[in-house]
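Here is the structure we will look at, set down as structure tokens.
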């Protein structure tokens, strides 16, 4: 067994190639189906993110990179004030440095170092993520993971509770989010107490219009005025053990539930054509989820656990459970 002595430090741009190689090697060995990620993907995810990232690497005594702890920053409005959340992503350790539960090794040390380096009321106010089962067990025991909830899926299979489409609506597919999406976001989340950034710049980063783009963006507009009433993002993907049509994000003010329903009806038709379920993950207590349930979405259990580690007295777990609005757009699982 190799010596565990190593240096943990902040990620630097020069680490890109080594960190990407480590992520690809570890994930390829861990998952039966894994598509190696490219340098362009790495640049998009970590270097082009409008909110930035805070990440750590670990080097062995020879200077070889043997650990990576990624933290994607998310700008969030909570209690009417701007704060930063950090989503823990792509955390990997070279197999030579792994340890089991009884003797935690570099994985745990990276998590502890991340907290001491970046977390605090005026820094990263909340660390969060959807860890896989093994990582959750380790995190709960050694890194103080707070279980916010066992994350359910919301699944729609029929249109019995969807209202008929209003003839005044027009549903169109678009390649990018335009300037009027900012006004839609402002109307949708005006009363929200905890919601992440959703402006056009962030959305166009999260769902980039690139070659072989897997994401589809639907806008519901008023036929006569052209006013944007609702928008959704979806994609076909293998998720939750099966092929599904995933609702990745939805933006619609409370008064435009009929426009949201028009988009969902179109997605359901596509899902049935592909013989798939229409599926999403979202915060169970959000107004969006309440609308989805009203339209016939049913809950199903998943293996995911939403965890959070608050470092601000106003963002304790009870508040996050009740007031934090998130969708798949705020997560890196799809």
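Listed values, structure above:
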| quantity | calculated |
| --- | --- |
| Qualifying residues in the stretch 26-62 (those that are touching a residue at least 40 places away in the same chain (Cβ under 8 Å), part of a helix (DSSP H, G or I) and in contact with a helix residue (DSSP H, G or I) (Cβ under 9 Å, 6 or more places away or on another chain)) - the one farthest from residue 240 (Cα to Cα) | 44 |
| Residue in the stretch 308-317 that is within 30 Å of residue 34 (Cβ to Cβ) and in contact (Cβ under 8 Å) with a residue 40 or more places away in the chain present | yes |
| Within the stretch 81-98, considering residues that are over 17 Å from residue 124 (Cβ atoms) and in contact (Cβ under 8 Å) with a residue 60 or more places away in the chain, the one surrounded by the fewest Cβ atoms within 10 Å (Cβ to Cβ) | 95 |
| The listed residue being out of contact with any helix residue (DSSP H, G or I) (no Cβ under 8 Å at 6 or more places or on another chain), more than 22 Å from residue 333 (Cα to Cα), buried (at least 22 other Cβ atoms within 10 Å of the Cβ) and modelled with pLDDT of 95 or more, out of 263, 258, 290 | 263 |
| Answer from 235, 206 - the residue that is surrounded by 19 or more Cβ atoms within 10 Å (Cβ to Cβ), within 19 Å of the chain's Cα centre (by Cα) and in contact (Cβ under 8 Å) with a residue 12 or more places away in the chain | 206 |
| Test: residue 179 is modelled with pLDDT under 95 and under 19 Å from the mean Cα position of the chain (by Cα) | no |
| Among the candidates 201, 243, 219, residue that is modelled with pLDDT of 95 or more, in a strand (DSSP E or B), within 20 Å of the chain's Cα centre (by Cα) and more than 19 Å from residue 80 (Cα to Cα) | 243 |
| Selection within the stretch 266-281 - surrounded by fewer than 17 Cβ atoms within 10 Å (Cβ to Cβ) and in a loop (DSSP other than H, G, I, E, B) | 274, 275 |
| Residues of the stretch 199-245 satisfying the condition of being in contact with a strand residue (DSSP E or B) (Cβ under 9 Å, 6 or more places away or on another chain) and at positive phi | 226, 240 |
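The values are calculated or read from the model by the stated rules, or taken from the named source; none is laboratory data. Only a predicted model underlies this, so the values are computations on that prediction, with no experimental measurement involved. As a convention, Cβ positions derive from the backbone with ideal geometry for all residues, glycine included, and neighbour counts pool all protein chains shown.
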